Amino acid sequence: MISVSLADPAVAAGSGPGTGPEVPWWTSSVVYQVYPRSFADSDGDGIGDLRGITSRLDYLEQLGIDVLWLSPIYPSPQDDNGYDISDYTGVDPLFGSLADLDELIAGAHERGIRVVMDLVVNHTSDEHPWFVESRSSVDSPKRDWYWWRPARPGTTPGEPGAEPTNWGSFFSGPAWEHDEASGEYYLHLFSRKQPDLNWENPEVRRAIHQMMRWWLDRGVDGFRMDVINMISKDVSLPDGVVPEGGTHGDGGPFFLCGPRIHEFLAEMHAEVVAGHEATLLTVGEMPGVTVEQARLFTDPARHEVDMVFQFEHVGVDQGASKWDVLPFRLTALKESLGRWQAGLAATGWNSLYWNNHDQPRVVSRFGDDGEHRVRSAKLLGTVLHLHRGTPYVYQGEELGMTNAPFASIEDFRDIEAVNHYRHAVELGEQPADVLASLRAMGRDNARTPMQWDASPNAGFTTGTPWLAVHPDHTSVNAEAAVADPDSVFHHYRRLIGLRKSEPAVALGDFTMLLPEDPVVYAFTRRLGDVELLCVANFSGEPVRPDLPDWEEWRRTDLLIGNVAGSSGAELAAWEARVHRRRRDS
Ligand code: NOJ
């Protein structure tokens, strides 16, 4: 068991972010996400594991991060790489043992790093004993722990169209699975092996709270809550609108931020988090959340969660679905992030991210992964980390890792990609077009193994990696980056340091500038008499920022930049600068 405590005397429970001299510790923290399957393999089976992560803690300490978020390591059939959990209080042998996890947590704590676990409680695996029992009989005491419904009246159970609602699942096909034994259907918003838990049932909620307390007692420092805004559904389960050309209805309006969501999160806070606020971190993943809802979720006075992951800014290059790839427009990105900055300025708090295990690599998406890879990766890091909120770094982002060169559908492993390809081709889409959108948006882009060195499997494994290593690891790797003071890694290290040394980075007010400029991203941060300007050129051509006081600004202190010795009136291709000045209040 873990005994090292990270209680921070500077933290005052109950103080709103940025409202006084005592503010929550996570306002000046940076979180690093590890996707265990792809981080470091200690036993040569081709799959990353806990001992592998422990062996790389010195690297994370050198980067300077404060919190380690672990994607799921629990026992799982691995239908969705561990987001289908069959035992909430164990460790999958693929990743090691509970003792290995204790060792990882202790090693992190010794280095001043907190550990946040993934909490996946919208659904379990269909192999979780709760679901096995629920499925065993319509009279099972756990029947009501999941969403069981009869076929649509007047239809034959099992036939297409007999599903209780017309909702589609996120992983293609209907959101309902027919169970031969009882003739009923169960709801699964994700794969058929991920049945949704029924949070209306108080026993379900009690069991989850108990499990969360068990993890806190074991020494973990908080939770990243998977699709947590889906746990409250409209119990009347209405049909959704079928989009033009679509095959299923959109159930989103009936399960995103549903009627009891605030009640469920407040109850969870009271049952689990209350009394430990000063040391824990809670972040809710919330697809489709609006700024107005996020303000309620993160208002410290409401005691729900510390911050949320919203999805608007990672949807700016997507149309009707994530596979509908649109050209990237910087103005759309600024409009979205600027609105979130303004919306949570007085109450609430943002989490800031470009990448995670579900998103393509940002340098390939919003940057230039060719000639200007290093510089544009640094620019993207600079812009994100200078916003107000808590930044998240996804493994390999600090190296400027890029999207993978997937040649065919055989190269993908992700259930979402594989199912989408099959369904889209069945519906008549051209395979080459489907592949093109998978290459741009597929989640496996983020899941290729971490690139530690230039050796054949990038130092990730001595075996055969479960997903091919990116061929660019011969030049893009941690060993080379740590050795090069001018690397993306050291730029991220400096950005993380800046958040701690310059209070305006963590707590300053945010003002967006030049919202209509198609290539320049510019904003100020202000705290007391300190003002910062972050200005960045999102293009491969030099540009002079159209800021009224640019001549004055460019002569002030340069806090951080990505072009050595630069101070001219023009920003070079993909150049970013952060200036600092004092102003009369
Ligand atoms: C969101 C997770 O980030 C994603 O990886 C997973 O597939 C779904 N939730 C279902 O758990």
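Can you give the relative contact order of the chain as a percent, counting alpha carbon pairs under 8 Å and 6+ residues apart?
Working: 1248 pairs, mean separation 77.5, N = 585.
Across the chain, relative contact order equals 13 percent.
Within the set of other residues whose C-beta is less than 11 Å from the C-beta of residue 434, count the net charge using Lys and Arg as +1 and Asp and Glu as -1.
Details: positive: 422, 439; negative: 426, 429, 433.
Summing Lys/Arg as +1 and Asp/Glu as -1 gives -1.
With a/c under 1.5 counting as rounded, go ahead and sort the range 508-565 into rounded, prolate or oblate using the C-alpha gyration tensor (a ≥ b ≥ c being the square roots of the eigenvalues; past the cut-off, prolate if a/b is larger than b/c, else oblate).
Values: a/c = 1.81, a/b = 1.29, b/c = 1.41.
Because a/c hits 1.5 or more and a/b fails to exceed b/c, the range 508-565 counts as oblate.
Starting with the fewest neighbours, write out 55, 567 ranked by other beta-carbon atoms found within 10 Å of each beta-carbon. Don't skip to the answer; put the middle values down first.
Working: 55 15, 567 12.
So the ranking, lowest neighbour count to highest, is 567, 55.
What dipole magnitude, in Debye to the nearest 20, does the chain give about its Cα centre under +1 on Lys/Arg Cβ and -1 on Asp/Glu Cβ? Walk me through the numbers on the way to the answer.
Working: 50 positive and 87 negative charges, 295 e Å.
Computed charge dipole of the chain: roughly 1420 debye.
From the phi angles alone, apply the Karplus equation (6.51, -1.76, 1.60; θ = phi - 60°) to the range 153-169 and give each ³J(HN,Hα) in whole Hz, x where the residue is Gly or Pro.
x, x, 10, 9, x, x, 7, x, x, 8, 4, x, 9, 8, 4, x, 8
Ordered by residue, what ³J(HN,Hα) values in Hz, to whole numbers, does the range 66-82 give under the Karplus form 6.51 cos²θ - 1.76 cosθ + 1.60, where θ = phi - 60° and Gly and Pro are x?
Along the range 66-82, the couplings run 9, 9, 10, 9, 9, 4, x, 10, 6, x, 6, x, 6, 5, 10, 6, x Hz.
If neighbour count is taken as other Cβ atoms inside 10 Å, put 189, 514, 380 in order from fewest to most. Kindly include the intermediate steps, with their values, before the conclusion.
Details: 189 22, 514 17, 380 25.
Listing 189, 514, 380 from fewest to most nearby Cβ atoms yields 514, 189, 380.
Shape call for the range 437-492 from the C-alpha gyration tensor, a ≥ b ≥ c root eigenvalues: rounded (a/c under 1.5), prolate (a/b greater than b/c) or oblate?
Details: a/c = 2.74, a/b = 1.32, b/c = 2.07.
In terms of gyration-tensor shape, oblate.
Amide H neighbours of residue 258 under 5 Å, counting only residues 5+ apart in sequence or on other chains, H built in-plane at 1.01 Å?
232
If amide H atoms are built 1.01 Å from N in the plane of the peptide, which residues on other chains or at least 5 residues away come under 5 Å of the amide H of residue 250?
240, 241, 242
Which residue, chosen from 386, 240, 99, occupies the Cα position most advanced towards the positive end of the dipole of the chain, where the dipole is computed from +1 (Lys, Arg) and -1 (Asp, Glu) charges on Cβ about the Cα centre?
The residue sitting farthest along the positive end of the dipole is 386.
Among 318, 328, 296, flag the residue with its Cα farthest along the positive direction of the charge dipole of the range 273-335, charges on Cβ as +1 for Lys/Arg and -1 for Asp/Glu.
Looking along the dipole axis, the top candidate is 328.
Rounded if a/c is under 1.5, else prolate if a/b beats b/c, else oblate: with a ≥ b ≥ c from the C-alpha gyration tensor eigenvalues square-rooted, which is the range 535-585? Write down the numbers at each step before the final one.
Values: a/c = 2.29, a/b = 1.60, b/c = 1.43.
Prolate is the answer for the range 535-585, as a/c is 1.5 or above and a/b outweighs b/c.
With charges only on Cβ, +1 for K and R and -1 for D and E, what is the dipole size of the range 351-408 about its Cα centre, in debye, rounded to 20? Write out the running numbers ahead of the final one.
Details: 6 positive and 6 negative charges, 31 e Å.
It comes to approximately 140 debye.
Helix 373-385 versus the longest principal axis of the chain: what is the Cα-based angle in degrees, 0 to 90, to the nearest 10?
80 degrees
Contour minus end-to-end for residue 279 and residue 22, with contour as 0.36 nm per residue of separation and end-to-end as the Cα-Cα distance? Don't skip to the end; give the middle numbers.
Values: separation 257, 0.36 × 257 = 92.52 nm, distance 1.36 nm.
This chain segment gains 91.2 nm when fully extended.
Report, to the nearest 10°, how far helix 488-501 tilts away from the longest principal axis of the Cα atoms in the chain, using its own Cα long axis and a range of 0 to 90°.
In the chain, helix 488-501 runs at an angle near 80 degrees to the longest axis.
Taking only C-alpha pairs under 8 Å that are 6+ residues apart, what is the relative contact order of the range 108-149 in percent? Intermediate results must be reported in sequence, preceding the final value.
Numbers: 23 pairs, mean separation 9.0, N = 42.
Over the range 108-149, the number comes to 22 percent.
Have a look at 354, 307, 367 and report the one farthest towards the positive end of the charge dipole of the range 289-381, computed about the Cα centre with Cβ charges (Lys/Arg +1, Asp/Glu -1).
Checking the options against the dipole of the range 289-381, the answer is 367.
Among 125, 364, 182, rank each residue by its count of other Cβ atoms within 10 Å, from fewest to most, as a rough exposure measure.
Result, fewest neighbours first: 182, 364, 125.
Can you list the residues, at least 5 places off or on another chain, whose amide H is less than 5 Å from the amide H of residue 530, using H built in the peptide plane?
Residues meeting the amide H criterion: 583.
Which whole-number percent is the relative contact order of the range 480-585 (Cα, under 8 Å, 6+ apart)? Could you put the intermediate results ahead of the total?
On the way: 181 pairs, mean separation 24.6, N = 106.
The normalised contact order for the range 480-585 reaches 23 percent.
Using unit Cβ charges (K, R positive; D, E negative) and no other charged atoms, how large, in debye to the nearest 20, is the dipole of the range 445-515 about its Cα centre? If you can, show how the numbers build up before the last one.
Working: 5 positive and 7 negative charges, 47 e Å.
It comes to approximately 220 debye.
How far apart, in nm, are the 7 Å Cα→Cβ label points at residue 87 and residue 242?
About 4.4 nm, to one decimal.
Kindly write out, for the range 286-295 in residue order, the coupling ³J(HN,Hα) from the Karplus curve 6.51 cos²θ - 1.76 cosθ + 1.60 (θ = phi - 60°), rounded to whole Hz, with x marking Gly and Pro.
Karplus values, whole Hz, x for Gly and Pro: 9, x, x, 5, 9, 4, 5, 5, 4, 4.
FYI, it's all coordinate maths here, none of it is from the lab. Keep in mind that what you see is a predicted model, and the values were worked out from it rather than measured. Methodologically, a virtual Cβ is constructed for each residue, glycine included, from the backbone with ideal geometry; neighbour enumeration extends over all protein chains shown.
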